[in-house]
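Working notes for the structure below.
The values are calculated or read from the model by the stated rules, or taken from the named source; none is laboratory data. Owing to the predicted nature of the structure, the values given are computational and were not obtained by experimental measurement. Glycine gets a Cβ as well: all are built from the backbone with ideal geometry, and neighbour counts include every protein chain shown.
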Amino acid sequence: MTTKLLTALLLGTSILGSAGLAHADDVTLNIESWRGDDLAIWKDKLIPAFEAKNPGIKVVFAPSAPTEYDAALGAKLAAGSAGDLITCRPFDKSLELFKKGNLADLSALPGMENFSPVAKSAWQTDDGKASFCVPMASVIHGFIYNKDAFDKLGIKVPETRDEFFAALDKIKADGTYIPMAMGTKDLWEAATMGYQNIGPNYWKGEDGRAALIKGDQKLTDKDWVAPYEELAKWKPYLGDGFEAQTYPDSQNLFTLGRAAIYPAGSWEIGLFNTQAQFKMGAFPPPVEKAGDTCYISDHTDIGMGLNAASKNADAAKTFLSWVASPDFATIYANALPGFFSLNSSPVKMEDPLAQEFVSWRGKCKSTIRSTYQILSRGTPNLENETWVESANVINGTDTPEAAAKKLQTGLDSWYHPAK
Amino acid sequence: MAADIRPKRPFRWHIGVFLAPAVLVYTAIMILPLAGTLQLSLFRNIEQHQVFVGLENFRMLFGDPNWSVGFWNALRNNTWFFIIHMLVQNPIGVMLAALLSSPRLRFAAFYRTAIFVPTILSFVIVGFAWKLILSPLWGVAPHLMDLVGLKSLFTPWLGKEQYALTALSLISVWQFVGIPMMLIYAALLSIPEEVIEAAECDGITGLAQFWKIKLPLILPSIGIISILTFVGNFNAFDLIYTAQGALAGPNYSTDILGTFLYRAFFGFQLQVGDPNMGAAIATMMFLIILGGVCVYLFLVQTRLRRYQF
């Protein structure tokens, strides 16, 4: 990891060095980013593709370390030395930059129409009037399963909750595989891969999320408690000692072929493809009855905005329009399977597992994690509390109702939505 | 007469010069940050400005259940953490030292080194190694217990609310038992032969000799060890953070003052850090430790009898 980062930094400086050699009339755009891991993709694929189409504009991708990014970017913006293009973290961190006037309003940028309102929600003002970053990628939640195990036990991919639990029972009765690979030690697995994974089917995706933010619904309502009731039912299907099972433990259990189902985020695809020796498939969170509308968590993760102080705003806008185009989406999504383009136009992807995940967008409605927008601004922090309570529910420490009540009480203490 | 004509002693400036480096360094790296923390805890960030709010942050820490429940929970856990150390680490340390100082023991140097080595390991290594040892999936603990037929007693200790804190305390004891052992060992070695010989002449040998002669002589060292343990435990953070993460799960059952402070000060995930509340918690930690040390200095240490040889 360190060597990788070092290489990335060295490469970054070498590009910076050669940038000076560009023709004098060329405009050079600098991209600020924390994604050092993506340097090769930018350098070898994305930037050449853009420069071939737009002669006269040179682009330099200059990442900094993820843990330093926010602080370094803030300092550079204050000093006026930040790059023209700024990779945006989702929600409050970028919103703060926009409010300070560091990010330009991109609502009218050509290409923004390629994105759905959900995709744009991570980089909008609370009222949704102004957008300030072009959405780049999201991660989708679902379940990855061991195809060989399913074939051997004669289980078909579950669509409804009853089928899902029937499948789990069958795997458990057989005994060869641990039915589900998940632990509660690291807490966030229970919340992110559990609650936020299956929840949207209960609270009806965006409808429920918007109602929660508006204050029309509460976390103690039936739709928000029900996912906890399902989570509580997962306990018998988890491996021995799941209370002390960490996230890497779960990954290893699954890729070693010891577990049949893995509650997943699509970012696992790249790693699982290289490690698992068996065939894998994926299915979206099961619905109550066959034919019900399904909802998936299609969580916005990374975007790109324009430095309001950029001297090359026009060239930068050309670049951002290209980032919003299907061309960019195709290259990006194929280079990083599991990080899906948020573009509304379908992107052709090679990886079968990634294709399966992204195909749900066609039949299900997308939403983002319920706790991320607005609701995690205060103390106690709703996202962190959701981690703790989700693990408590699976461990059996708290009943679903008690957990929901704790979360709502915490939220009530600081969040007062205007009715 | 003679005193009158003696010249006035010159100002002894060399004392100041010799003290200056230590005073300057100590002020710069200890006193100023401490004062800064105290000051920070009296302010609050309102609309991007630091505003003086008096003791408002402390009122919130103790009055607002969102903070006070967490604080008391952390303090309770921290106290338990300390009790385990006092009941397990220090008696074992004394016992090991007594065994090591026995002249008939062979390989004493080897045992001494082996027991002391974990102390110099990094917390990260200790936390990670024990997480693996106790892992229900790949750990050696379940297998070893299986070999002696005790598999049924194994549970995922670090993941269970009722055991996690005790398990972590014992890991910390394992790591640090070398320190009391070394200090007591040194104290035992410094007991003069004559005292021991005199005891033997009076017919006090073996265990009775330890209780009646040696233990009273090493009591001041035990006092020092207790206070070191107290300060170390109430400042602890690293082991919990590396083994359980900043949220100190499950269900905050391993949350101690250090992790509570960390979350408040630096934030965690979507939680934004609040340096002012963090400073208020740090101030409370300082006061708790200061109180404990004062109790020791004024009530305990003054009553310990000292023997001069």
Task: Restricting the range A:78-90 to residues that are crowded, with 21+ Cβ neighbours inside 10 Å and modelled with pLDDT under 90, the residue that is nearest to the chain's Cα centre (by Cα) - done: A:P90
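Are any residues in the range A:386-411 under 14 Å from A:A190 (Cα atoms) and either at the interface with chain B (Cβ under 8 Å from one of its Cβ atoms) or surrounded by fewer than 22 Cβ atoms within 10 Å (Cβ to Cβ) (or both), and if so, which ones? Show your work before the answer.
Restricting attention to the range A:386-411, the residues satisfying the condition of being under 14 Å from A:A190 (Cα atoms) are A:386-398, A:400, A:403.
Listed by number, the residues that qualify are A:W387, A:V388, A:A391, A:N392, A:N395, A:G396, A:T397, A:D398, A:P400.
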Open item on the list: Condition first: among the small types (G, A, S) and in a helix (DSSP H, G or I). Now tell me which residues in the range A:285-328 satisfy that.
Closed with: A:A313, A:A315, A:A316, A:S321
Open item on the list: So the check is Cβ under 9 Å with 6+ separation or different chains; which pairs have a first residue in the range B:44-73 that's within 24 Å of B:L247 (Cβ to Cβ) and a second one that's part of a helix (DSSP H, G or I) and among the basic types (K, R)?
Closed with: B:G70/B:R263
Task: Qualifying positions in the range B:237-253 - more than 9 Å from chain A (Cβ to nearest Cβ), crowded, with 22+ Cβ neighbours inside 10 Å and closer than 22 Å to B:P118 by Cβ - done: B:L239, B:I240, B:A243
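Across the range B:55-87, what is the number of residues that are among the polar types (S, T, N, Q) and away from every other protein chain (no Cβ under 13 Å)? Please lay out each step first, then the result.
Within the range B:55-87, the first condition is being among the polar types (S, T, N, Q), and the residues that meet it are B:57, B:66, B:68, B:73, B:77-79.
Filter again for away from every other protein chain (no Cβ under 13 Å), leaving B:77-79.
Of the residues in that region, 3 qualify.
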Open item on the list: Taking the criterion of being closer than 29 Å to A:K93 by Cβ, within 12 Å of chain A (Cβ to nearest Cβ) and of a type in the set (A, V, I, L, M, F, W, C), would at least one residue in the range B:254-263 satisfy it?
Closed with: no
Task: Members of the range A:227-250 found to be surrounded by fewer than 21 Cβ atoms within 10 Å (Cβ to Cβ), assigned to a helix (DSSP H, G or I) and either of a type in the set (K, R) or within 11 Å of another protein chain (Cβ to nearest Cβ) (or both), listed by number - done: A:K233, A:K235, A:Y247, A:P248
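Return the total of residues in the range A:321-358 being in contact (Cβ under 8 Å) with a residue 24 or more places away in the chain and out of contact with any helix residue (DSSP H, G or I) (no Cβ under 9 Å at 6 or more places or on another chain). Full working, then the answer.
Restricting attention to the range A:321-358, the residues satisfying the condition of being in contact (Cβ under 8 Å) with a residue 24 or more places away in the chain are A:321-328, A:331-333, A:335-345, A:351, A:353-354, A:356-358.
With the extra rule that they be out of contact with any helix residue (DSSP H, G or I) (no Cβ under 9 Å at 6 or more places or on another chain), the set shrinks to A:356.
Of the residues in the range A:321-358, 1 are in contact (Cβ under 8 Å) with a residue 24 or more places away in the chain and out of contact with any helix residue (DSSP H, G or I) (no Cβ under 9 Å at 6 or more places or on another chain).
Residue-by-condition table, conditions (1) outside any loop (DSSP other than H, G, I, E, B); (2) in contact (Cβ under 8 Å) with a residue 60 or more places away in the chain; (3) at the interface with chain A (Cβ under 10 Å from one of its Cβ atoms); (4) crowded, with 16+ Cβ neighbours inside 10 Å:
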site	(1), (2), (3), (4)
B:R112	yes, yes, no, yes
B:V117	yes, yes, no, no
B:S135	no, no, yes, yes
B:H143	yes, no, no, no
B:D146	yes, no, no, no
B:G149	no, no, no, no
B:L158	yes, yes, yes, yes
B:L170	yes, yes, no, yes
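Right, A:I331: assigned to a loop (DSSP other than H, G, I, E, B), surrounded by fewer than 20 Cβ atoms within 10 Å (Cβ to Cβ) and more than 10 Å from every other protein chain (Cβ to nearest Cβ) or not? If you could, list the steps in order and put the result at the bottom.
On the way: assigned to a loop (DSSP other than H, G, I, E, B): no; surrounded by fewer than 20 Cβ atoms within 10 Å (Cβ to Cβ): yes; more than 10 Å from every other protein chain (Cβ to nearest Cβ): yes.
So A:I331 fails the test.
Restricting to the range A:170-226, give me the number of residues that are part of a loop (DSSP other than H, G, I, E, B), of a type in the set (D, E) and either over 20 Å from the mean Cα position of the chain (by Cα) or more than 19 Å from B:N251 (Cβ to Cβ) (or both).
Our first condition is that a residue be part of a loop (DSSP other than H, G, I, E, B); within the range A:170-226, this holds for A:175-177, A:181-187, A:204, A:215-221.
So of that shortlist, the ones also of a type in the set (D, E) come out as A:186, A:216, A:221.
Cutting the leftovers down to either over 20 Å from the mean Cα position of the chain (by Cα) or more than 19 Å from B:N251 (Cβ to Cβ) (or both) gives us A:216, A:221.
Selection size over the range A:170-226: 2.
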